[in-house]
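Chemist: Take this structure, written in structure tokens, and hold onto it; I'll ask about it next.
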Amino acid sequence: MEKEINFGESLNEILSHRNININDFAKAINISWSTAYSWLRNSTEPNLSALIATADYLKCTIEFLIGRSANESPIVGNNYPPIAQRIKEVMKENGISSYKLRKISKYDGSYFYNWEHGSEPLLSTLIELSNLLDCSIDHLIGRI
């Protein structure tokens, strides 16, 4: 059984370990102070852009950021493919058709349509998709 992800706890631990003030963190990734605190309390979760900005700012993998890996290997970039395109590429790598993904998950064509038209998946969606596609979130979004 996979360990439950507690993004707020993991983020708080990383910020504390690196002596980064929550206000400075929020300013650095261009989010409000209240959004940062809501993440720490696990009352909201970041979308894809905010997650990437956080990982880039902290110079770590998303897997490390969410507590799924002890390897923080810095990955910083700014040219990621569109998320819908990237998910389809990973599905192809794993031999999973759109039909099969729909059968084993809640992700039908409307999700991809929304992602292709500017909507971004939340952290929980990225975790679920990475589990279904048996890859890291960083691989799923094209960071590695």
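Chemist: Of all helices (runs of 4 or more DSSP H) completely enclosed by region 1-68, which ones contain at least 3 residues that are of a type in the set (Gly, Ala, Ser)?
Modeler: Of the helices (runs of 4 or more DSSP H) lying wholly inside region 1-68, those with at least 3 residues that are of a type in the set (Gly, Ala, Ser) span 7-17, 33-40, 48-58.
Chemist: Residue 110: among the small types (Gly, Ala, Ser), buried (at least 18 other Cβ atoms within 10 Å of the Cβ) and either in a helix (DSSP H, G or I) or on the phi > 0 side of the Ramachandran plot (or both), yes or no?
Modeler: no
Chemist: Being at pLDDT 90 or above and open to solvent by less than 50 Å² (accessible area, probe 1.4 Å) is the filter here; which residues of region 85-107 pass it?
Modeler: 86, 87, 90, 91, 96
Chemist: Output the number of residues of region 43-75 satisfying the condition of being open to solvent by 50 Å² or more (accessible area, probe 1.4 Å), more than 24 Å from residue 114 (Cβ to Cβ) and either at pLDDT 95 or above or of a type outside the set (A, V, I, L, M, F, W, C) (or both).
Modeler: 6
Chemist: Considering (1) part of a helix (DSSP H, G or I); (2) surrounded by 13 or more Cβ atoms within 10 Å (Cβ to Cβ), say which one residue 124 fails and leave the rest.
Modeler: Looking at each condition in turn, residue 124 falls short on (2).
The values are calculated or read from the model by the stated rules, or taken from the named source; none is laboratory data. Since the structure is predicted, the reported quantities are computational estimates derived from the model, not experimental observations. Counting neighbours? That spans all protein chains shown, and the Cβs are built from the backbone with ideal geometry, glycine included. Remember, those area values only see protein heavy atoms, side chains included, never the ligands or the DNA or RNA. Shrake-Rupley method; radii C 1.70, N 1.55, O 1.52, S 1.80 Å.
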